[in-house]
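> For reference, the structure I am asking about is given below.
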Amino acid sequence: MVRRPLGNHHFGPDTLLVTSDTTQTEGATSAPASEPVTAPMPEDLRKLIASARVVLWDFDGPICRLFAGHAADKVAVELVHWLEGRGLHGLLTDRELESLDPQVLLRAVDRRHPGSDLVAELEERLTQEELRAVVKAMPTPYADILIQTWHAVGARLAITTNNSPRTVRTYVEARNLMRCFTPHIYGRTQDLHLLKPHPHCLNRALSAVGAAPSAALMIGDSPADYYAAHEAGVPFLGYARNEEKEKTLKEAGAEMVVDSLAPVLRAVRSRTGAGQA
């Protein structure tokens, strides 16, 4: 099903941007894609897919649920305990602590101690937790075959994410998807102020493949993804696996949101006559 926006609302400077699907717990379920394979394909989705020569993928959400079996809230608690063990229990605000999002915690520490050894060690600890999560990560329905199909018909693919590139490479290698993306994986670096919603990783990808923003398409599941795409001038397709994700994307201003990648796969195949989804 393709869904339409309810309105355009923007986050203020004090709003915590959830930059990935990290707050999902092990007990959450991943419903199978709900899009019937014979459903009519919206013309605007067909046009959006037809114009994309380069596809920039967010990782945690559209490609997989990284923390499906290694709960992110527990990771956040462990990071907080580590900070407290260093006598930094007052470093984070109550709101940041309540987010239970490791990315939020990492960026909060970086704002107060930018470029410090403390931030570098905290980032490495988060990377190690992400790598542990890969083992139990849940592939997003239709993602693997969509990636393979898009690559097979000649699109250039890249991953632009706030997760560690080491985490991404570990996952895509395990799913035999590395050939579809190599070498275009652009993830978290020590320059944490350049994480999405900053368009830095999108601009890096576009520069590397030599593509104009208008020839690309960003697939993401968070307001940060949408803002980064908007700032970079890249068309955006939102993926919302539940109503909460859908609501936040629409409120951010996303004009095209799908709750399954099945219609996207059908659009790619119909563009090339490559069969039916």
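The values are calculated or read from the model by the stated rules, or taken from the named source; none is laboratory data. Just so we're clear, the structure is a prediction, and the values are computed from it rather than from any experiment. Glycine gets a Cβ as well: all are built from the backbone with ideal geometry, and neighbour counts include every protein chain shown. In case anyone asks, the SASA skips ligands and DNA or RNA and just uses the protein heavy atoms, side chains included. Shrake-Rupley method; radii C 1.70, N 1.55, O 1.52, S 1.80 Å.
> How would you rank 231-239, 61-69, 91-99, highest first, on the average number of other Cβ atoms within 10 Å across their residues?
Highest mean packing first, the order is 61-69, 231-239, 91-99.
> Before anything else, pin down the relative contact order of segment 37-188: Cα pairs under 8 Å, at least 6 apart, normalised by residue count, whole percent.
Computed over segment 37-188, the figure is 33 percent.
> Let me ask another. For segment 81-193, what is the accessible area per residue in Å² when the probe is 1.4 Å?
That works out to 47 Å² per residue.
> Give me the net charge for the shell around Ala228: Cβ to Cβ below 15 angstrom, other residues only, Lys and Arg +1, Asp and Glu -1.
Neighbour charge sum, excluding Ala228 itself: -2.
> Please enumerate, by chain and number, the lysines with C-alpha under 25 Å from the C-alpha of Lys47, excluding those fewer than 8 residues away in the same chain.
Hits, sequence-local ones excluded: Lys245, Lys247, Lys250.
> Work out from phi, with θ = phi - 60° and the Karplus expression 6.51 cos²θ - 1.76 cosθ + 1.60, the ³J(HN,Hα) of each residue of segment 258-265, listed in order in whole Hz, and give x for Gly and Pro.
Karplus-based 3J(HN,Hα) across segment 258-265 equals 10, 9, 7, 8, 4, x, 5, 4 Hz.
> Next up: Note down the net charge around Glu123, summing +1 for each Lys or Arg and -1 for each Asp or Glu among other residues with Cβ under 12 Å from its Cβ.
Residues near Glu123 contribute -3 overall.
> Please report the carbon-and-sulfur percent of the accessible area for segment 140-226; probe 1.4 Å, protein heavy atoms only, DNA, RNA and ligands left out.
52 percent
> What are the ³J(HN,Hα) couplings of segment 61-77, residue after residue, when phi is run through the Karplus curve with 6.51, -1.76, 1.60 and θ = phi - 60°? Round to Hz, x for glycine and proline.
Computed from phi, the couplings for segment 61-77 are x, x, 9, 7, 9, 4, 9, 5, x, 9, 3, 5, 5, 5, 4, 4, 4 Hz.
> Could you tally the net charge around Arg188, taking each other residue with its Cβ under 12 Å from the Cβ of Arg188, Lys/Arg +1 and Asp/Glu -1?
Summing Lys/Arg as +1 and Asp/Glu as -1 gives -3.
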